Amino acid sequence: MRMKNPYVRLRELCGMSQKGFADKHGFGKMTMVYLESGMYTRVSDRQSIALGKECNEKGVDAHEVLREEFGAASLNEAYLAWRSEDRRLRAPEVLAKAAPPFVGDGEVSPVAQFVKDTTGSLQGFCKLLKVPSITMTRYMRGETSTVPDALWSALEDVKFPHAVALADAQFAWLEGRAL
């Protein structure tokens with residue numbers, strides 16, 4: 001059985017829908033989508049406090065659930081373990097479609113082409129690898145020149161064998177555009 005996102009598990013134990021929880025605690029729809037699909041690198045204090053309040057109100061022992069079901073001492077520990085397990089389970093098969101040479105053109109970076117070739121969309125890629133979409137957008141467009149930590153750690157986590165070749169291709173593309 002696949003482990004479930006601990007945030008989702010606790011929210012559901014409280015009997016709350018995603019929308020109901022978001023409305024009650026003042027979270028936007030995209031915040032909940034990103035949090036529950038694992039695209040955040042951690043659960044924020046505000047998100048954690050809101051869930052804690054909900055668990056207290058509904059009589060859900062969050063610490064016990066985290067310990068029993070996730071083997072974790074904290075929500076963030078459980079969330080990070082779930083993100084890693086989920087990406088390791090799903091991503092290698094999808095990323096296996098891509099291998100060097102990684103190429104782009106004047107407008108499309110090698111990383112943008114890689115995203116398109118593997119998952120078809122930025123949103124799909126970010127959900128699969130559990131990386132923030134704004135971070136990926138900036139890197140794909142060449143607005144940042146170094147590989148974002150979230151992407152690098154995700155590629156290492158799933159043991160993607162061509163991470164260095166992908167980073168090198170992106171850097172070469174950036175250098176070519178700068179000329």
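The values are calculated or read from the model by the stated rules, or taken from the named source; none is laboratory data. Computed from a predicted structure; not experimentally measured. Here Cβ is always computed from backbone atoms with ideal geometry, including for glycine, and neighbour counts include all displayed protein chains. Only protein heavy atoms, including side chains, enter the accessible area calculation; ligands, DNA and RNA are left aside. Shrake-Rupley method; radii C 1.70, N 1.55, O 1.52, S 1.80 Å.
Label-to-label distance for E57 and V108 is 4.7 nm, based on points extended 7 Å past Cα in the beta-carbon direction.
Using alpha carbons only, the radius of gyration of the chain set against its Kirkwood radius gives Rg/Rh = 1.05. Pairs with C-alpha atoms separated by more than 29 Å, drawn from the list K29/K116; K19/K127; K24/K159; K97/K130, are K24/K159. Kirkwood radius and radius of gyration were both taken over the C-alpha atoms of the stretch 1-53, and their ratio Rg/Rh is 0.93. Counted by Cβ distance under 13 Å from T41, the other residues give a net charge of +2, where Lys and Arg count +1 and Asp and Glu count -1. Accessible surface for the stretch 38-160, divided over its residues, is 52 Å² per residue with a 1.4 Å probe.
Summing Lys and Arg as +1 and Asp and Glu as -1 over all other residues whose Cβ lies under 14 Å from the Cβ of V65 gives a net charge of -2.
Roughly how big is the chain's charge dipole about its Cα centre, with Cβ charges of +1 (Lys, Arg) and -1 (Asp, Glu), in debye to the nearest 20?
360
Any chance you could check the Cα centroid distance between the stretch 1-60 and the stretch 118-179 for me, in angstrom? Using only Cα atoms to place each centre, the spacing works out to 28 Å.
How large, in percent, is the carbon and sulfur part of the accessible surface of the chain at a probe radius of 1.4 Å? Result for the chain: 54 percent of the exposed heavy-atom area is carbon or sulfur. Against the chain, whose longest principal axis is taken from its Cα atoms, helix 163-178 shows a tilt of about 60°.
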